[in-house]
Amino acid sequence: MNNNKWIDISQPLTNSIAHWPEDTPFTNQLTYSKEQTGSVNIGQMTTSLHIGTHVDAPYHFDNKGKKIIDMDVNYYIGRAKVIDVSDVDVIDGRVLEDFSLDGVERLLLKTSLKSRPELFPEKITKLEPEIVPILVEKGVKLLGVNMPSVDPIDSKDLLCHHALHQHGIYILENLVLDDVPEGDYNLIALPLAIAEGDGSPVRAVIQPTD
């Protein structure tokens with residue numbers, strides 16, 4: 001393996017990508033063709049900010065929280081660790097005890113959910129809020145998951161979202177980790193500079209460091 005090669009772990013944004021129920025779907029179309037303009041093709045898109053691989057800003061679940069433009073971009077760039085937790089339905093403190101996480105700043109969880117961008121899942125692996133103090137103790141400042149949310153699909157209280165925010169841990173969702181082995185990587189998952197955004201789609205890529 002070429003250890004310098006970057007690996008795309010983002011869901012491609014297509015007109016058939018699944019979206020949160022009752023949320024705005026992603027659409028991309030050509031506004032003007034090269035034939036019409038005489039020089040260029042010009043496209044447009046309409047989308048929820050929580051489509052595909054994306055990050056949440058605290059404003060998404062807290063009216064007083066930071067918006068995406070205010071988030072520290074350094075949290076989205078740097079060393080990351082992928083761990084495989086695909087053998088459990090609930091991730092609690094005991095699950096994390098099986099992994100060496102000391103000094104891990106960005107933790108990416110590979111759950112049992114397979115990447116099927118055109119199908120919105122009815123159920124996902126549950127994260128217990130009790131893991132958040134453990135992540136803080138280990139030094140984690142960003143948590144990424146290969147699921148559309150860090151809370152259950154039908155959750156209204158969003159306990160993990162609030163617990164992560166309370167402890168200053170950033171949230172990255174809908175990663176594609178099917179073919180990614182456990183290990184240490186460099187991560188880049190920069191959001192767009194959306195001034196009033198409660199989140200943003202990202203192009204997430206990792207680079208093996210082993």
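The values are calculated or read from the model by the stated rules, or taken from the named source; none is laboratory data. Fair warning: this is a prediction, and the values are worked out from it, not measured in the lab. Here the Cβ positions follow ideal geometry from the backbone for every residue, glycine too, while neighbour counts run over all protein chains shown.
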Exercise for the section: Check 37, 47 and return the single one that is loosely packed, with under 12 Cβ neighbours inside 10 Å and either polar (S, T, N, Q) or under 30 Å from residue 153 (Cβ atoms) (or both). Expected result: 37
Practice task
Please name all residue pairs, on different chains or six or more residues apart, with Cβ atoms under 9 Å, provided the first residue is in region 119-139 and is on the phi > 0 side of the Ramachandran plot and the second residue is outside any helix (DSSP H, G or I) and of a type in the set (Gly, Ala, Ser).
Solution key: 139/103
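Out of region 22-51, which residues are at pLDDT 95 or above and charged (D, E, K, R)? Break it down stepwise before answering.
Filtering region 22-51 down to residues at pLDDT 95 or above leaves 23-51.
Correct list: 23, 34, 35.
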Fill in the blank from the handout: Residues of region 67-101 being part of a loop (DSSP other than H, G, I, E, B), surrounded by 14 or more Cβ atoms within 10 Å (Cβ to Cβ) and among the hydroxyl-bearing types (Ser, Thr, Tyr), in sequence order, are 86
Fill in the blank from the handout: (1) more than 15 Å from the chain's Cα centre (by Cα); (2) over 15 Å from residue 93 (Cβ atoms) all hold for residue 114 apart from (1)
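Checking the conditions here, which among 132, 104 is of a type in the set (Val, Ile, Thr) and closer than 25 Å to residue 5 by Cα? Full working, then the answer.
Details: 132 fails: closer than 25 Å to residue 5 by Cα.
One residue alone meets the criteria, 104.
Scan region 176-193 for residues that are under 14 Å from the mean Cα position of the chain (by Cα) and either outside any loop (DSSP other than H, G, I, E, B) or within 20 Å of residue 75 (Cβ to Cβ) (or both) and jot them down.
Applying the first criterion (under 14 Å from the mean Cα position of the chain (by Cα)) to region 176-193 yields 176-177, 187-192.
Result: 177, 187, 188, 189, 190, 191, 192.
Can you name every residue in region 129-168 that is in a loop (DSSP other than H, G, I, E, B) and in contact with a Cys (Cβ under 8 Å, 6 or more places away or on another chain)? Even if it seems obvious, please write down each step before you answer.
Within region 129-168, the first condition is being in a loop (DSSP other than H, G, I, E, B), and the residues that meet it are 129-130, 139-141, 146-158, 167-168.
Passing the criteria: 129, 150, 151.
Specify the residue that is farthest from residue 76 (Cα to Cα); the eligible residues are those in region 1-32 that are among the polar types (S, T, N, Q), exposed (fewer than 12 other Cβ atoms within 10 Å of the Cβ) and without any contact (Cβ under 8 Å) to a residue 60 or more places away in the chain.
Taking region 1-32 and keeping what is among the polar types (S, T, N, Q), we get 2-4, 10-11, 14-16, 24, 27-29, 31.
Then drop every residue that is not exposed (fewer than 12 other Cβ atoms within 10 Å of the Cβ), which leaves 2-4, 15-16, 29, 31.
Pick out the ones that are also without any contact (Cβ under 8 Å) to a residue 60 or more places away in the chain and you get 2, 15, 29, 31.
Numbers: 2: 23, 15: 27, 29: 29, 31: 32 Å.
Per the stated criteria, the residue is 31.
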Problem - Which listed residue, of 104, 88, 145, is β-branched (Val, Ile, Thr) and within 25 Å of residue 25 (Cβ to Cβ) - result: 145
Exercise for the section: Answer yes or no as to whether residue 204 is more than 17 Å from residue 83 (Cβ to Cβ) and either in contact (Cβ under 8 Å) with a residue 12 or more places away in the chain or crowded, with 20+ Cβ neighbours inside 10 Å (or both). Expected result: no
Practice task
For region 114-166, name all the residues that are surrounded by 14 or more Cβ atoms within 10 Å (Cβ to Cβ), charged (D, E, K, R) and within 20 Å of residue 22 (Cβ to Cβ).
Solution key: 151
